[in-house]
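What follows is a set of notes on a single structure, which appears directly below.
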Amino acid sequence: MPHFVVDCSERILETHGESAINEQIHIVANSTGLFDESEIKVRVNPFKTYIVGNKREDFIHVFSNIMEGRSTQQKANLSRVIVERLAEMFPQVANIAVNVREFERATYCNRNML
């Protein structure tokens, strides 16, 4: 935990591949100091077919799933720094966004907790 799931148009991978995107989001997330680096997980889901505003425009959307307990300011900063890095990597992509969702500690479970 945390998980950063990147949904994107497949064409953006012609500029930077999945490994580069994974690495850069990992670096940026770690730089915030909000997470234990060994727990940061990043993955990319490229889409061949999609519609953005009733057009076929490239897009990147990062779903950030984190454990509850961070301030609104910390979560807003996390979103901002990820968008900034992706905008640097993909200046031609107008549709770049991030949202942060929180896991509830009381209902979260993973294998190590068994």
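Odds and ends about this structure:
- Of the residues making up region 90-103, those that are modelled with pLDDT of 95 or more and surrounded by fewer than 17 Cβ atoms within 10 Å (Cβ to Cβ) are Pro91, Gln92, Ala94, Asn95, Ala97, Asn99, Arg101, Glu102.
- Residues within region 38-51 that are in contact with a Ser or Thr (Cβ under 8 Å, 6 or more places away or on another chain) and surrounded by 12 or more Cβ atoms within 10 Å (Cβ to Cβ), tallied: 2
- Residues satisfying the stated conditions in region 6-59, i.e. touching a residue at least 60 places away in the same chain (Cβ under 8 Å) and in a helix (DSSP H, G or I): Ile12, Ala20, Ile21, Gln24, Ile25
- Positions within region 1-33 being more than 11 Å from the chain's Cα centre (by Cα) and of a type in the set (S, T, N, Q), in sequence order: Ser9, Thr15, Ser19, Asn30, Ser31, Thr32
- From Ile82, Ile66, residue being in a strand (DSSP E or B), at pLDDT 95 or above and surrounded by 15 or more Cβ atoms within 10 Å (Cβ to Cβ): Ile66
- Residues in region 91-110 that are assigned to a loop (DSSP other than H, G, I, E, B) and touching an Asp or Glu at 6+ places or on another chain (Cβ under 8 Å): Gln92, Val93, Ala94, Glu104.
- Odd one out for Gly33 among (1) modelled with pLDDT of 95 or more; (2) at negative phi; (3) not acidic (Asp, Glu): (2)
The values are calculated or read from the model by the stated rules, or taken from the named source; none is laboratory data. As the structure is a computational prediction, the values presented were derived from the model and not from experiment. Neighbour counts are summed over all protein chains in view; Cβ atoms, including those assigned to glycine, are modelled from backbone coordinates with ideal geometry.
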